[in-house]
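Some notes on the structure that comes next.
The values are calculated or read from the model by the stated rules, or taken from the named source; none is laboratory data. Source: prediction; values computed, not measured. Counting neighbours? That spans all protein chains shown, and the Cβs are built from the backbone with ideal geometry, glycine included. For the accessible areas, the whole protein counts, side chains as well, though only heavy atoms, and no ligand, DNA or RNA atoms are used. Shrake-Rupley method; radii C 1.70, N 1.55, O 1.52, S 1.80 Å.
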Amino acid sequence: LDMGANLSIVNKYNKDAIDLLKTTIARGTTDSEFELFLMQVQRTNLDPFMRQIYPLKRWDSREKKEVMFIYVSIDGLRLIAERTGKYAGQEPPQWCGEDGVWLDAWLKKDPPLAAKVGVYRRDFIKPLIAVARYDSYVPLNSDGKPTQAWQRMPDIMLAKCAEALALRKAFPFEMSGLYVPEEMTHVVDEPQPDVTDLAPEIIEKLTDYPTMSIDDEYTAAPNDNKQIIA
């Protein structure tokens, strides 16, 4: 990879920083994938070293190979919204169960069935509200059980999905195509574009999830990195 050429893509990073990015946060990516990732870094103006945006290689059973996905953290989406100058805050997340009653805190042992978040824009009269259903997003392991993070904190994971949905509704131009990992760890129905010819051998998987938060930070278990895309 000609790192010098990529300096024109991400001007704020010098060659050493780009080399470090390629061997750490973006390790395992091909040259073409890495260049695509840098283009997204430039487009979003997010900092990969702060884990606001990062690539992750995951096995696609339809493609029979590992495919790169580019994710942003929920904090990255919040930052994009703030930079627009039109972001006016949020309505706090709420959760509901089978009774359909929305609650400010989820205290039950069973996971909530849905979460909703509202996002305000300065030029809109009403907030843009998005609802995320648990069954639509919960990722299951090979035993058919929710993955570890979704077992430990289903309310927080689901609220992130709802917030990401609401932020994209409020700022579609700035956030089009940007997803947090909690939205994409269950199944990907749409075929992914071929950005490069990937090597047939399995590339070493990233084992560290970035730290993300709604209000509290967490670090997902390594097994959460290894979901099989149906």
Accessible surface ranking that places the most exposed of Tyr54, Tyr13, Tyr179 first, with a 1.4 angstrom probe = Tyr179, Tyr13, Tyr54
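Could you sort Glu183, Glu174 by their accessible area in this structure, using a 1.4 Å probe and putting the largest first? Mind showing how you got there, number by number?
Details: Glu183 5, Glu174 65 Å².
So the residues, ranked largest to smallest area, are Glu174, Glu183.
Obtain the radius of gyration and the Kirkwood radius of the stretch 42-103 from its C-alpha atoms and give Rg over Rh. Walk me through the numbers on the way to the answer.
On the way: Rg = 17.1 Å, Rh = 14.8 Å.
Ratio of gyration radius to Kirkwood radius: 1.16.
Please list Glu66, Glu91 from largest to smallest accessible area, probe radius 1.4 Å, with all protein chains kept in place.
Numbers: Glu66 10, Glu91 65 Å².
Ranked list, largest accessible area first: Glu91, Glu66.
What are the equivalent ellipsoid semi-axes of the stretch 11-53, built from the alpha-carbon gyration tensor (square roots of five times its eigenvalues), in whole angstrom, biggest first?
With the √(5λ) rule applied to the stretch 11-53, the semi-axes are 14, 12, 10 Å.
Rounded to a whole number, what % of the accessible area of the stretch 123-185 do carbon and sulfur atoms account for, probe 1.4 Å? Intermediate results must be reported in sequence, preceding the final value.
Values: 1620 of 2920 Å².
Solvent-exposed carbon and sulfur of the stretch 123-185 make up 56 percent of the total.
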The stretch 1-142 - Debye-derived log10 I(q)/I(0), Cα point model, q = 0.20 Å⁻¹ | -1.14
Mind listing the long-range amide H neighbours of Glu91? Cut-off is under 5 Å, sequence gap 5 or more, other chains count too, H placed in the peptide plane at 1.01 Å from N.
-> Gly118, Val119, Tyr120
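Evaluate the charge dipole of the stretch 28-181 about its Cα centre and quote only its size in Debye, nearest 20, assuming +1 on the Cβ of each Lys and Arg and -1 on the Cβ of each Asp and Glu.
Working: 22 positive and 20 negative charges, 36 e Å.
In total the dipole reaches around 180 debye.
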Roll a 1.4 Å probe over the protein chains and send me the accessible area per residue for the stretch 1-146 in Å².
-> 53 Å²
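Based on the alpha-carbon gyration tensor of the stretch 95-158, what equivalent-ellipsoid semi-axes (square roots of 5 times the eigenvalues) come out, in whole Å, largest first? Let's see the in-between values first.
Working: eigenvalues 136, 38, 18 Å².
Here the semi-axes work out to 26, 14, 10 Å.
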Can you list the HN-Hα couplings for the stretch 18-28, worked out from phi with the Karplus curve (6.51, -1.76, 1.60; θ = phi - 60°), rounded to whole Hz and with x for Gly and Pro?
-> 5, 4, 5, 4, 5, 9, 10, 4, 9, 5, x
